[in-house]
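For reference, the structure is listed below as structure tokens.
What follows is calculated from the coordinates using simple rules that are stated; it is not laboratory data. Please read all numbers here as calculations on a predicted model, not as lab measurements. Backbone-built Cβ (ideal geometry, glycine too); neighbour counts: all protein chains shown.
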Amino acid sequence: MPRKIAARRSSIHGNGLFALVDIPKGTRLIQYKGRLITHRQADRLYADDGESGHTFLFTLNDTYIVDGNVDGNIARWANHSHDPNCETVIEEDAGGDPKRDRIFIETIKDVRAGDELTYDYHITLEVPHTARMKKIWTCLCGAANCTGTMLHPKRRARA
């Protein structure tokens, strides 16, 4: 079966994930893989990554994070966009084991061969979104609706 996607240099940022063939909307492309770690382990191992604006950590559920830095696959190269052609889907384990939940990247639009595959990272940090933090998490997607940052507004506490 021919490959549908490949990693290569991106005009958005560093490496990106690209379609090698036309791919219809609703296609499951790849599982986001990496070492499974707890949130506490991630905080200990990557305490400074909030300052770098670069991470391969993907929140899987309330207990675990997938660390694409270790044993990751090419799914980690998919870049953020405010006008994405993909989304991530978390598939919960039928038996309720959070260690067995999985993350997939799926198309939400028809994609043409050569297009970069992107999704919204949905980054929400609990620290203040200062001008400095917005600069660290700069978005270069180029979409007409781009806010210039990958950060989403913090969720407001309900009364």
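For this structure, a couple of remarks:
- Residues with amide H under 5 Å from that of ILE123, placed H, sequence gap 5 or more: HIS152
- Lysines with Cα under 17 Å of LYS4, excluding same-chain neighbours fewer than 8 positions away: LYS25, LYS109
- Additional length obtainable on full extension of the chain from THR27 to ASN69, 0.36 nm per residue less Cα span: 12.6 nm
- Using θ = phi - 60° and Karplus 6.51 cos²θ - 1.76 cosθ + 1.60, couplings along region 15-22 (whole Hz; Gly, Pro as x): 8, x, 10, 10, 7, 8, 9, 5
- Cut-off under 5 Å, modelled amide H: who pairs with GLY148 long-range: CYS139
- Applying 0.36 nm per residue to the separation of ILE108 and THR138 and subtracting their alpha-carbon distance, the gain on full extension is 8.4 nm.
- Neighbourhood charge, 11 Å Cβ-Cβ cut-off, centred on PRO128 and excluding it, Lys, Arg +1 and Asp, Glu -1: +2
- For Cα Rg over 2.2 N^0.38 Å, the value computed from the atomic coordinates appears in the list (1) 1.22; (2) 0.94; (3) 1.06 under label (3).
- Cβ-derived FRET efficiency at R0 35 Å, ALA6 paired with GLU92, nearest 0.05: 0.75
- Amide H within-cut-off set for LEU20, under 5 Å, with H built and near neighbours excluded: ILE5, ALA6, GLY114
- For region 122-150 versus region 103-117, the inter-centroid distance based on Cα atoms is 22 Å.
- The mean sequence separation of alpha-carbon pairs under 8 Å and at least six residues apart, normalised by the residue count of the chain, gives a relative contact order of 28 percent.
- From its DSSP helices (H runs of at least four residues, each -39,500 (n - 2.57)), the chain gives a residue-normalised ellipticity at 222 nm of -2000 deg cm²/dmol.
- GluC sites (Glu not before Pro), loop per DSSP, at most 16 other Cβ atoms within 10 Å - longest free stretch of the chain: 1-91
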